[in-house]
Amino acid sequence: MNDIRILLTGNPNVGKTTLFNALCGVHQHTGNYPGVTVDIKEGKRHIGGQSLIVCDLPGTYSLSVFTPDEQVARDALLTSNPDIVLQIVDATNIERNLFLTTQLLELGIPMIIALNMCDLADEQGIKIDSECLARNLNVTVVRIVARSEEGVGELVDSIVKLIEEKKPVSHREVLYPGSVTSHINEIGNYLGSHAKLPGNLSSNCAAIRLMEGDEHLEKTLHDQGLVIPFLDKCDPAERDSIAEDVLLARYRTAEEIMACSVKCTMGRVMPADLIDQVITHRYFGIPIFLSCMWFAFQLTFSAAAPFAAAIEIIFGYFNEIITGMDMDPFIRSFLIEGIIGGVGSVLSFVPSIFIVFLLLSILEDTGYLARAAFVMDRLMHSMGLHGRSFIPFLMGFGCNVPAIMATRTLQSRADRIITILTLPFMSCSARLPVYVLFTGVFFSAIAGSVIFFLYVLGIVVAIVTALIFRRYVFKGEPSPFIMELPPYRRPSGTAAGIHMWYKGREYLKRAGLVIFGGVLVVWALASFPVGVEYGSAESLAGSLGQLLQPLFAPLGFNWQLVVALIFGFVAKEVVVGSLGTLYGGEDTLHSSLAADHTLTPAIALAFLVFVLLYLPCVAALGVIRQETGSIKWTVIIVGYGLFVAYVVSFITLHIASFITGV
Amino acid sequence: MVPLSLSSPGEKVVVRSIGGTGHIAKTLGHLGIITGTELRIIRKNKDSLIVRIGESRYALGPGAAGMVLVDLLG
């Protein structure tokens with residue numbers, strides 16, 4: 001028996017992922033699609049001797065491409081030759097959904113419509129005659145409630161039946177105005193005899209896509225050296241008006257289909273309107289958002305704390321066992337500092353990352369996150385960022401790693417890269433121990449203010465960075481804010497749980513390896529040549545520190561500080577531990593630092609500024625590489641961070657020296 | 001005809017035309033904001049709006065709201 005390949009598509013917020021989970025349970029993994037950075041989830045369902053392979057495509061309103069997500073959906077639909085296209089349609093909002101339907105019908109791929117949220121539609125007095133709808137479209141329509149898995153069995157049966165029937169596809173056709181139709185035929189005939197079309201795309205469908213303004217298809221054809229009849233002679237204004245004719249024809253078709261199969265009573269003020277008026281209020285909106293986020297933030301780090309503590313205890317236990325065993329000290333060091341230390345660094349991030357994803361998923365499901373983005377848009381816009389960037393920023397104060405992963409909700413690549421670029425300047429909680437140590441030694445009277453200054457400095461550098469890159473690299477405005485506000489819904493625990501598990505596992509798989517590798521490298525630097533004391537002046541790290549020290553001399557750093565910065569690359573709190581080793585014991589670190597005459601308060605402050613701004617830690621770097629999908633941008637982010645850290649530290653040193661008079 | 005950004009909360013308006021072309025205009029079109037669509041204004045913060053079309057709600061930033069030209073229905 002063959003597998004049945006299904007592409008699951010639909011508008012955003014229609015319950016696509018819920019249906020996907022209902023179809024495939026936890027048998028999911030990320031499909032590999034070359035050249036794209038957005039993940040496509042693939043799942044399996046066994047039925048009889050057959051397997052349904054379901055691809056969960058990113059939500060899209062149409063086959064035209066404006067965002068990376070939509071690009072993925074469009075490419076999969078046009079070029080991957082699925083057996084079936086399964087469109088999930090929101091029964092409470094059928095008209096808008098039908099626009100995409102009219103495009104999918106033309107692909108000539110067997111199609112099924114899953115009419116979701118039929119229960120809500122009933123409640124709202126929307127009566128849908130699904131048989132009439134099916135007749136009108138000449139497509140199988142199955143009523144489902146994805147949340148309670150009602151009708152999902154029937155949906156699976158219909159899929160299998162449709163495949164077994166092997167009927168030729170004869171979907172309802174969109175009626176275009178006469179002039180449009182004749183051009184479609186002209187282009188279609190030409191393409192049929194001249195062009196090599198991607199996938200199983202028919203020449204007629206390709207012609208319609210071109211008339212509608214599919215730039216990617218047009219480019220593919222131009223790359224083949226073809227001159228598209230009629231269209232290539234049109235000026236941009238004519239092209240736009242043709243695209244509009246096609247658009248209007250689609251809406252007319254959608255309306256006709258609606259008219260005969262849907263009866264609804266609407267127009268009353270809905271509770272959602274009232275909620276919207278409160279939570280997006282001009283004055284209350286931002287305080288409501290901030291308190292929501294503060295709560296989520298607190299919850300993340302307090303809920304993660306016991307897990308992190310448990311992990312620490314378990315690793316301490318391993319540590320003891322190995323310390324107690326009789327073995328070569330070098331191997332022991334490798335096991336304790338390298339292996340256990342490495343796995344420990346990976347795992348210590350896990351609890352907070354899982355909880356962040358759980359909370360984000362819940363907030364997203366309720367429909368609140370979209371409103372929050374709207375509330376923050378104006379402020380963020382003035383900094384050259386998109387409203388949605390605010391959520392990653394806030395998370396960045398906890399840990400940059402999940403924050404960088406959260407930039408996935410941004411649609412334009414430019415907005416995403418600028419956000420990722422500025423995120424490492426949000427002072428994450430790992431930097432706090434370093435601040436506490438140095439401000440305690442050098443600024444005991446004003447320690448609190450100095451720490452506050454560092455947080456503010458991070459934000460200022462982030463804003464300046466965003467402005468610079470928006471002005472000179474990604475020219476133009478942040479992509480205009482147009483966003484659907486999904487209906488308020490009760491979040492589902494299972495869906496959030498699956499989402500959390502999936503995202504957390506991805507993190508472990510991709511970032512885990514980088515972090516682990518990074519820890520091993522630092523261990524090796526601190527341990528070689530064989531026989532030296534771990535992290536001492538004679539070790540490779542020590543030599544490297546002394547070698548690099550002249551470079552940092554303008555900032556006033558001694559070689560110990562330089563080595564600590566190298567170690568800080570693993571995780572910024574490691575700076576404290578490694579200084580402890582270098583100054584002969586963490587217990588006496590306070591007094592040794594105070595006694596070191598090469599250090600002044602101004603140098604200490606410059607060092608803290610450097611710790612704030614330089615390299616993201618290895619974990620953050622791992623996810624930056626993963627999320628930008630580009631080594632070039634990863635290198636730029638590292639280089640830019642080092643450059644900014646150096647310059648700002650230098651300025652800080654001189655201003656602080658001037659003020660303190662040393 | 002006035003830009004959507006000049007209408008007030010609670011008003012019902014009908015779209016008369018979409019000023020400009022390009023991606024924003026197309027995005028609006030694919031969301032169902034086309035000539036003839038009736039919108040209700042739910043909220044307005046300065047030049048940003050939340051509008052409702054049937055059962056769908058959309059948030060439009062100043063750039064997008066300025067492109068939609070509407071007539072007041074009541």
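See the values below:
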| quantity | calculated |
| --- | --- |
| Residue in the range A:591-613 that is of a type in the set (Phe, Trp, Tyr), at pLDDT 80 or above and out of contact with any Ser or Thr (no Cβ under 8 Å at 6 or more places or on another chain) present | no |
| Single match in A:Ile322, A:Ile288 (criterion: away from every other protein chain (no Cβ under 14 Å), at pLDDT 80 or above and either open to solvent by less than 80 Å² (accessible area, probe 1.4 Å) or touching a Lys or Arg at 6+ places or on another chain (Cβ under 6 Å) (or both)) | A:Ile322 |
| Filtered residues of the range A:516-547 (kept if buried (at least 21 other Cβ atoms within 10 Å of the Cβ) and not in a helix (DSSP H, G or I)) | A:Gly535, A:Ser539 |
| Long-range neighbours under 6 Å by Cβ, at least six apart or interchain, first residue open to solvent by less than 10 Å² (accessible area, probe 1.4 Å) within the range A:1-16, second among the basic types (Lys, Arg) | A:Gly10/A:Lys16 |
| Candidate set: the range A:225-266, residues that are surrounded by 17 or more Cβ atoms within 10 Å (Cβ to Cβ) and of a type in the set (Gly, Ala, Ser); chosen: the one farthest from the other protein chains (Cβ to nearest Cβ) | A:Ser261 |
| Residue within the range A:218-240 that is closer than 20 Å to A:His183 by Cβ, touching a residue at least 60 places away in the same chain (Cβ under 8 Å) and in a helix (DSSP H, G or I) present | no |
| Strands (runs of 3 or more DSSP E) lying entirely in the range B:1-65 (those with 2 or more residues that are free of Cβ contacts under 8 Å to residues at least 12 places away in the same chain, over 13 Å from A:Asp273 (Cβ atoms) and of a type in the set (A, V, I, L, M)) | none |
| Checking A:Ile459 against (1) at pLDDT below 85; (2) of a type outside the set (Gly, Ala, Ser); (3) closer than 26 Å to A:Ala372 by Cβ, the condition it does not meet | (1) |
| Every pair of residues 6+ apart whose Cβ atoms lie under 9 Å, when the first sits in the range A:97-110 and is closer than 14 Å to A:Ser170 by Cα and without any contact (Cβ under 8 Å) to a residue 60 or more places away in the chain while the second is aliphatic (A, V, I, L, M) and assigned to a helix (DSSP H, G or I) | A:Pro110/A:Leu162; A:Pro110/A:Ile163 |
| Residue match in the range B:12-22 (condition: over 23 Å from A:Tyr251 (Cα atoms), open to solvent by 10 Å² or more (accessible area, probe 1.4 Å) and within 8 Å of another protein chain (Cβ to nearest Cβ)) | no |
| Positions within the range B:33-74 being of a type in the set (Gly, Ala, Ser) and more than 21 Å from A:Thr280 (Cβ to Cβ), in sequence order | B:Gly36, B:Gly74 |
| Considering residues of the range A:43-66 that are open to solvent by 20 Å² or more (accessible area, probe 1.4 Å) and under 18 Å from the mean Cα position of the chain (by Cα) only, the residue modelled with the highest pLDDT | A:Gly59 |
| A:Gly518 vs. criteria within 19 Å of A:Val618 (Cα to Cα), of a type outside the set (Phe, Trp, Tyr) and modelled with pLDDT of 80 or more | no |
| A:Asp69 vs. criteria open to solvent by 10 Å² or more (accessible area, probe 1.4 Å), within 14 Å of chain B (Cβ to nearest Cβ) and over 17 Å from B:Ser56 (Cα atoms) | yes |
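Let's see how each residue does on (1) open to solvent by 30 Å² or more (accessible area, probe 1.4 Å); (2) within 7 Å of chain A (Cβ to nearest Cβ); (3) in contact with a helix residue (DSSP H, G or I) (Cβ under 6 Å, 6 or more places away or on another chain):
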{"site": "B:Leu31", "(1), (2), (3)": "no, yes, no"}
{"site": "B:Ile34", "(1), (2), (3)": "no, yes, no"}
{"site": "B:Thr37", "(1), (2), (3)": "no, no, no"}
{"site": "B:Arg40", "(1), (2), (3)": "yes, no, no"}
{"site": "B:Lys46", "(1), (2), (3)": "yes, yes, no"}
{"site": "B:Leu60", "(1), (2), (3)": "no, yes, no"}
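The values are calculated or read from the model by the stated rules, or taken from the named source; none is laboratory data. These numbers come from a predicted model, not from an experiment. With ideal geometry, Cβ positions are generated from the backbone for all residues, glycine too; neighbour counts draw on all protein chains shown. Quick note on the areas: whole protein, heavy atoms, side chains included, nothing else; ligands and nucleic acids left out. Shrake-Rupley method; radii C 1.70, N 1.55, O 1.52, S 1.80 Å.
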